[in-house]
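What follows is a single structure, written as structure tokens, with notes after it.
Readers should treat all values here as calculations from the given coordinates under stated rules, not as data from a laboratory. Quick caveat, the model's predicted, so the values are computed rather than measured. Ideal geometry is used to build each Cβ from the backbone, glycine not excepted, and the neighbour counts take in all protein chains shown.
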Amino acid sequence: MGIRFDQVTVAYDGQVVLDSLDLTVAPGEVMALLGPSGSGKTTALRAVAGFVRPVSGRVFLGDRDVTDLPPYRRGIGMVVQQYALFPHLRVADNVAFGLKARRTPRTEIRTRVAEALELTGMAAYARRHPRELSGGQQQRVAIARALAIRPDVLLLDEPLSALDAQLRSGMLAELARLHRELPDVTILYVTHDQVEALTLADRIAVMDKARLRSCGTPRELYRAPADTFTAGFVGTANLLPVTVTEGGVTFGGTELKVTTGPAASGARATLCVRPHLVGLGEGPNRVAGTVREIQWRGSTHRLYVEVDGHRVMADVRELRDPPALGDQVALHFAPDDAVLLPAGAGADDQ
């Protein structure tokens, strides 16, 4: 069962918080709603769940218009940021809660609870209370509870944001495994974390200021973003102000060879180059500048180089003898590794 937003607008006290969202999630697809706080992504999820009512537009689950249905009649599983487990109930009873609310036969409840706990790796913890579990284990219980009702649609609202980095990494792998084992479940995943979106999603819908900015596969949005906001939010990017020429672009006083696209010669544009595609030393599309900051990141060094008054980032393999602050260095990138975008925020604004 898929999800379809048909020009959905939500407003609180006259303030629009979701503006004319038109988006379709295919059956069995994982769609990530990615954006900063206040972008409208959680509101979109709550509109699917039935917790907010659009002032205009319709919400569909499959072919069924659910806009006017209460949450309990939508048959949706949902996992929220703070898990919302009942502290006085044991794990098995927490997982059984939705089934009991639906008056599921007792023998079937036992079977479904056991299946959901086994699927999430929590079968050995059925008799424990939430306070006896780690954050990651509580998250697994919340997911088991959502899966126990066998939903066609699973809504995940920032489900990993309360976990530390190591637990997040482990839960990402678990969610990816769950999706492989439950390929028919459609998942709408709200996050502000680009790594989560890139790791889990079949497609990503990028949102900003209550509107959908762009939508595509992680590879499409990373390699060929539609605009500077998407380029800067889906991964890290150098966004450099350039002027289009007949043979490429000029950045400061340097001619660079790139695919110019439809922009006319003389037009202002923004050049997007990912830091890991910028090399140190001589090469095509060479620019020179001054090292202003160096960050060691284990396997790589990130160099921040001032070029013609603009900051350029380069992620290079760990250097045995990195340059010093104030050194003059050359950077380069391949013409095919740059994407020309409409004029917008440059690197200095990121």
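Only helical DSSP H runs with n ≥ 4 go in: add -39500 (n - 2.57) per run for the chain, normalise by residue count and round the 222 nm mean residue ellipticity to 500 deg cm²/dmol.
It lands at -7000 deg cm²/dmol.
State the answer as a single residue: which of Val55, His276, Ala144 lies farthest towards the positive end of the charge dipole of the chain, with beta carbon charges of +1 for Lys and Arg and -1 for Asp and Glu, about the Cα centre.
Projecting each Cα onto the dipole axis, the largest value belongs to Ala144.
What list do you get for Phe251, Phe60, Phe5, Phe233 if you sort them by fewest beta carbons within 10 Å?
Details: Phe251 20, Phe60 17, Phe5 23, Phe233 26.
The most exposed by this proxy come first: Phe60, Phe251, Phe5, Phe233.
Would segment 237-349 count as rounded, prolate or oblate if I go by the C-alpha gyration tensor, calling it rounded below 1.5 in a/c and otherwise prolate when a/b exceeds b/c, oblate otherwise?
Prolate is the answer for segment 237-349, as a/c is 1.5 or above and a/b outweighs b/c.
Could you grab the relative contact order for segment 17-136? Cα pairs under 8 Å, six or more apart, rounded to a whole percent.
Values: 77 pairs, mean separation 21.7, N = 120.
RCO, segment 17-136: 18 percent.
Taking the dipole about the Cα centre of the chain, with the C-beta of Lys and Arg at +1 and of Asp and Glu at -1, give me whichever of Gly135, Ser169, Leu331 is farthest to the positive side.
Of the candidates, Gly135 comes out farthest on the positive side.
Around Glu246, what is the net charge, scoring Lys/Arg as +1 and Asp/Glu as -1 over all other residues with Cβ under 12 Å from its Cβ?
Details: positive: Lys257; negative: Glu255.
Net charge around Glu246: 0.
For segment 3-223, what is the charge dipole size about the Cα centre, in debye to the nearest 20, if Lys and Arg each add +1 at the Cβ and Asp and Glu each add -1 at the Cβ? If you can, show how the numbers build up before the last one.
Details: 30 positive and 25 negative charges, 135 e Å.
Charge dipole of segment 3-223: 660 debye, to the nearest 20.
Cα to Cα, under 18 Å, and not fewer than 8 places away if on the same chain: which aspartates and glutamates meet these conditions relative to Lys100?
In chain and number order, the partners are Glu108, Glu115.
Using Cβ contacts closer than 10 Å as the measure, can you line up Glu246, Glu108 from fewest to most? Please report the intermediate quantities before stating the final value.
Values: Glu246 7, Glu108 10.
Placing the least packed residue first, the sequence is Glu246, Glu108.
Between Phe86 and Thr199, what is the FRET efficiency for a Förster distance of 30 Å, r being their Cβ-Cβ separation, to the nearest 0.05? Walk me through the intermediate numbers first.
Details: r = 30 Å, r/R0 = 1.01.
For R0 = 30 Å, the calculated efficiency reads 0.50.
For the chain, what's the relative contact order in percent, using C-alpha pairs closer than 8 Å and at least 6 residues apart? Spell out each step's value before the answer.
Numbers: 756 pairs, mean separation 56.5, N = 350.
Averaging sequence separation for qualifying contacts and normalising by length gives 16 percent for the chain.
Any lysines with Cα under 17 Å of the Lys41 Cα? List them, leaving off those in the same chain fewer than 8 positions away.
Lys41 reaches Lys209.
Students often check this: by mean Cβ neighbours within 10 Å, which of 293-302, 198-207, 308-317 ranks highest, and how do the rest follow? Let's see the in-between values first.
Values: 293-302: 12.3, 198-207: 21.9, 308-317: 17.1.
Highest mean packing first, the order is 198-207, 308-317, 293-302.
Which of the peptides 321-331, 184-194 is most tightly packed, and how do the rest follow, judged by the mean count of other Cβ atoms within 10 Å per residue? Don't skip to the end; give the middle numbers.
On the way: 321-331: 12.6, 184-194: 20.6.
With the highest mean Cβ count within 10 Å placed first, the list reads 184-194, 321-331.
If you average the sequence gap of Cα pairs under 8 Å that are 6 or more apart and divide by the length of segment 237-349, what percent do you get for the contact order? Working shown, then result.
Numbers: 274 pairs, mean separation 38.2, N = 113.
Computed value for segment 237-349: 34 percent relative contact order.
So what's the net charge close to Asp65: Lys and Arg +1, Asp and Glu -1, counting the other residues with Cβ under 15 Å from its Cβ?
+3
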